[in-house]
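Have a look at the structure below, then the notes.
The values are calculated or read from the model by the stated rules, or taken from the named source; none is laboratory data. On a predicted model such as this, the values are computed, not experimentally measured, just so you know. With ideal geometry, Cβ positions are generated from the backbone for all residues, glycine too; neighbour counts draw on all protein chains shown. To get the accessible areas, we keep the full protein, side chains included, count just its heavy atoms, and leave off ligands, DNA and RNA. Shrake-Rupley method; radii C 1.70, N 1.55, O 1.52, S 1.80 Å.
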Amino acid sequence: TEMLEEVVVLAYGGTQKRSKVTNSIAKVQEDVFKGGILSNPAQALSGAVAGLKVTQSSGNPGETPTITLRGGTNFDGSGSPLVIIDGQVRESMSDINPDDIESMSVLSGPSAAALYGSAAASGVILITTNKGSEGRAKLTYSNTTQFHTAWMTPKFQNIYGNNEGEFTSWGKRLETPTSYDPMDFFQTGATEINALTLTLGTDKNQTYASAAVTNAPGIMPESDYNRYNFSIRNTSKFYNDKLTLDLGASYIIQNNKNFVGSGEYFNP
């Protein structure tokens with residue numbers, strides 16, 4: 001019966017009509033970070049927001065990507081945006097359970113720094129997590145399974161080899177070229193995410209709880225990544241809805257085994 005204006009989340013949980021906000025705000029569509037194809041929400045930003053670049057330093061499932069907005073602010077082009085989750089500053093967004101995210105927005109430009117200070121000079125990534133909803137209890141289960149393979153390796157020569165007992169890069173010409181294929185070293189990796197969410201509540205009190213398990217054996221032999229996410233949030237209203245109490249807690253366990261670095265000598 002009437003047209004509603006879009007409302008966006010601003011500094012420290014405040015909201016305002018989208019038409020009255022002067023700084024640039026790009027809203028990430030929900031199906032981008034809940035599409036079930038990524039192990040962490042940071043990877044979902046790639047290609048989702050204009051001027052935002054996501055660089056994955058390695059193929060490790062739990063690796064934190066480098067995020068730069070509009071080329072960064074430092075001379076070397078670095079400078080990651082500030083990550084704000086439910087009004088709280090976080091160092092990283094890679095360890096969040098994607099099922100817990102309700103909305104995600106990206107603030108760029110100098111107006112973002114005016115809201116959050118100099119730490120937001122490279123922009124801000126705003127994340128709002130889910131709350132409980134009024135109605136009957138609802139239990140949701142989801143599973144995401146991916147498989148990973150090594151795509152390519154540099155081209156290796158197989159005509160010259162090392163002398164036995166030496167570690168120099170070049171040796172004499174081999175009588176028979178070697179048949180070693182570096183791709184045989186890698187294995188098929190996988191990322192499996194099992195998540196369970198529970199929401200229930202009344203008009204005065206709503207509760208949201210979730211648990212997620214991520215298991216990811218890597219493409220490198222003996223490399224593994226495991227993550228366990230637990231979160232709970234309760235929202236209550238008192239005194240004829242004049243007072244709102246919003247309590248939330250999350251517990252995250254991460255186990256990284258034999259992560260591969262980049263740019264190191266002897267690094268396979």
Checked the range 176-199 for anything open to solvent by 50 Å² or more (accessible area, probe 1.4 Å) and either under 19 Å from Asn226 (Cα atoms) or in a loop (DSSP other than H, G, I, E, B) (or both); matches are Thr176, Pro177, Thr178, Ser179, Tyr180, Asp181, Phe186, Gln187, Thr188, Glu192, Leu196
Matching residues in the range 130-175 (open to solvent by 100 Å² or more (accessible area, probe 1.4 Å), out of contact with any Phe, Trp or Tyr (no Cβ under 9 Å at 6 or more places or on another chain) and outside any loop (DSSP other than H, G, I, E, B)) number 5
Residue count, the range 83-110, condition under 22 Å from Glu192 (Cα atoms), of a type in the set (A, V, I, L, M, F, W, C) and either touching a Lys or Arg at 6+ places or on another chain (Cβ under 6 Å) or open to solvent by 10 Å² or more (accessible area, probe 1.4 Å) (or both), comes to 1
Among the residues of the range 209-256, the number that are open to solvent by 60 Å² or more (accessible area, probe 1.4 Å), acidic (Asp, Glu) and part of a strand (DSSP E or B) is 1
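To keep it simple, each residue is scored yes or no on (1) touching a helix residue (DSSP H, G or I) at 6+ places or on another chain (Cβ under 9 Å); (2) in contact (Cβ under 8 Å) with a residue 40 or more places away in the chain; (3) farther than 28 Å from Ser223 by Cβ.
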site: His148; (1), (2), (3): no, yes, no
site: Gln157; (1), (2), (3): no, no, no
site: Asn162; (1), (2), (3): no, no, no
site: Pro177; (1), (2), (3): no, no, yes
site: Phe185; (1), (2), (3): no, yes, no
Quick count over the range 77-102, residues being over 19 Å from Val54 (Cα atoms) and not hydrophobic (A, V, I, L, M, F, W, C), is 6
